[in-house]
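The next block holds one structure in the form of structure tokens; read it before the comments.
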Amino acid sequence: MSTCTPEKSDTSEAVEPCRRARRRNLYDLVAATAAALLFTVALAVGRSVEQRDGTLRLRWPPLYAYWLPHVGPGTPAALAFAVLTVAYGPGLARRLPWRGLVMAGWGGAMAWSWSLALVDGWQR
């Protein structure tokens, strides 16, 4: 039996953790939707200001960036690290103590940053 599929004979105490879990999932969904909506509004406003006035000098507002996808020597490392993080990161985060989690987070952030920086190679 799953933890959030109570049987008819279960008491209300068994149902309450399921309700709390669903409520947390709903709150996460609302937060993610709000963030996406805020980004979309900022994109629309930035695009309209740039088209009207030409003062932003950005191609992708609100990001201070240019869209230039490319591959390089660091691409395989970045892809491998992304796949490993998605596959093993949540389980590792549940098992590690707090200090270990902080160090693993720092190490992961450094490895991800280096692999992305190496997409352009050592010369850039």
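The values are calculated or read from the model by the stated rules, or taken from the named source; none is laboratory data. The shown structure was predicted, so the numbers you read here are calculated from the model rather than taken from an experiment. Note: ideal-geometry Cβ built from the backbone for every residue, glycine included; neighbour counts use all protein chains shown.
For segment 102-124, the candidate set comprises residues that are surrounded by fewer than 14 Cβ atoms within 10 Å (Cβ to Cβ) and not in a helix (DSSP H, G or I); within that set, the residue that is modelled with the highest pLDDT is D120.
Each row is one residue, and each column tells you yes or no for (1) of a type in the set (D, E, K, R); (2) surrounded by 12 or more Cβ atoms within 10 Å (Cβ to Cβ).
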| site | (1), (2) |
| --- | --- |
| R23 | yes, no |
| W67 | no, no |
| G72 | no, yes |
| V83 | no, no |
| P90 | no, no |
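Conditions (1) assigned to a helix (DSSP H, G or I); (2) more than 20 Å from the chain's Cα centre (by Cα); (3) modelled with pLDDT of 95 or more; (4) among the β-branched types (V, I, T), marked per residue:
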site: P17; (1), (2), (3), (4): yes, yes, no, no
site: L26; (1), (2), (3), (4): yes, no, no, no
site: P61; (1), (2), (3), (4): no, no, no, no
site: Y64; (1), (2), (3), (4): no, no, no, no
site: P69; (1), (2), (3), (4): no, no, no, no
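Residue-level analysis places E7 among those that are surrounded by fewer than 10 Cβ atoms within 10 Å (Cβ to Cβ), modelled with pLDDT under 90 and among the charged types (D, E, K, R).
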